[in-house]
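In what follows, a single structure is set out as structure tokens and then discussed.
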Amino acid sequence: MISRSKGEITIQEDTHAFPEHCLIVTTRAARVSTNGHPNATLSLDFLASDLQRLLPEVVELLEADNQKFFNKEAVKIIKMDCGATEVLASLSQLAPASFLYFSYLYCLNMDRAYFSALLRSCIAGNKDFYEFIEENALQQWSISTLADRFGMPLRKFNQLFQEAYGKPAKRWILEHRLAHAKKLLLTTSMRVLDVALECGFSNHAHFTDSFRRHFQCNPKQFRQQALGKLRDKET
């Protein structure tokens, strides 16, 4: 959360004052009031899976993991200057992943020990799960097969997935496969069938139907439209 104005944040009856131009790290349960206009505060939610993807990008900046116990604060407030606030405000609207990256760099610069420990604590419990999903999301496996391969009952697997990724496993896996398919259609000359198989779809028909329902055109049309727009820019 970033704020341009002074205000207060309340969690479980504990109230914390914060200054203008600051970054606030807290939970969804927080209630915020400011002394400024209604848009003075901008909030973004990030899941443990987002932090897992962030880790490789900042791991070399983290302090050595020497803490036996980490005391996570309910509200952590980091003062910023006006320019940094506006940069993050823009990123929050345009590119949430970039917002997370640059805001975490800022936090590490301000309190390296705390934010190094915070990042590690947020992902420590489910590291193997995240790595398994990232490595196998494009396999031609059903959700039940993913659960079996991970060695976890399907119900528990779905619960853990919802907590980690903020979406049901079936929905997230499908969106992940389709996003990768779009990338391949744009950046390679692979046949549509080969794209389908590469992205975890068992056949051309299933891929085409799923793609059309999500993007209102079939894969071939999407590629043709993208190439047409590129030619228009070049002429």
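The values are calculated or read from the model by the stated rules, or taken from the named source; none is laboratory data. Computed from a predicted model, the values in this text were never measured in an experiment. Here the Cβ is made from the backbone with ideal geometry for all residues, glycine too, and neighbour counts use every protein chain on show. Note: accessible area is taken over every heavy atom of the protein model, side chains too, but ligands, DNA and RNA are not part of it. Shrake-Rupley method; radii C 1.70, N 1.55, O 1.52, S 1.80 Å.
Here are the numbers for the structure shown:
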read-out	value
Long-range neighbours under 9 Å by Cβ, at least six apart or interchain, first residue without any contact (Cβ under 8 Å) to a residue 60 or more places away in the chain within region 189-205, second open to solvent by less than 60 Å² (accessible area, probe 1.4 Å) and basic (Lys, Arg)	Val192/Arg223
Among residues of region 196-205, those that are open to solvent by less than 60 Å² (accessible area, probe 1.4 Å) and out of contact with any His (no Cβ under 9 Å at 6 or more places or on another chain), counted	1
Every residue from region 99-119 that is part of a helix (DSSP H, G or I) and not aliphatic (A, V, I, L, M)	Phe99, Tyr101, Phe102, Ser103, Tyr104, Tyr106, Cys107, Asn109, Arg112, Tyr114, Phe115, Ser116
Failed item in (1) closer than 29 Å to Gly125 by Cβ; (2) open to solvent by 60 Å² or more (accessible area, probe 1.4 Å); (3) without any contact (Cβ under 8 Å) to a residue 60 or more places away in the chain, with Gln221 passing the rest	(1)
Residues of region 99-114 that turn out to be surrounded by 14 or more Cβ atoms within 10 Å (Cβ to Cβ) and without any contact (Cβ under 8 Å) to a residue 24 or more places away in the chain, as a count	1
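Residues checked against (1) within 17 Å of Leu42 (Cα to Cα); (2) assigned to a helix (DSSP H, G or I); (3) without any contact (Cβ under 8 Å) to a residue 60 or more places away in the chain; (4) open to solvent by 20 Å² or more (accessible area, probe 1.4 Å):
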site	(1), (2), (3), (4)
Ala89	yes, yes, no, no
Ser121	no, yes, yes, yes
Asp128	no, yes, yes, yes
Asn158	no, yes, yes, yes
Glu163	no, yes, no, yes
Lys170	no, yes, yes, yes
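So that you can scan it fast, the table gives a plain yes or no per residue for (1) touching a helix residue (DSSP H, G or I) at 6+ places or on another chain (Cβ under 9 Å); (2) part of a helix (DSSP H, G or I); (3) of a type in the set (Asp, Glu):
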| position | (1), (2), (3) |
| --- | --- |
| Ala97 | yes, yes, no |
| Glu135 | no, yes, yes |
| Lys167 | yes, no, no |
| Leu174 | yes, yes, no |
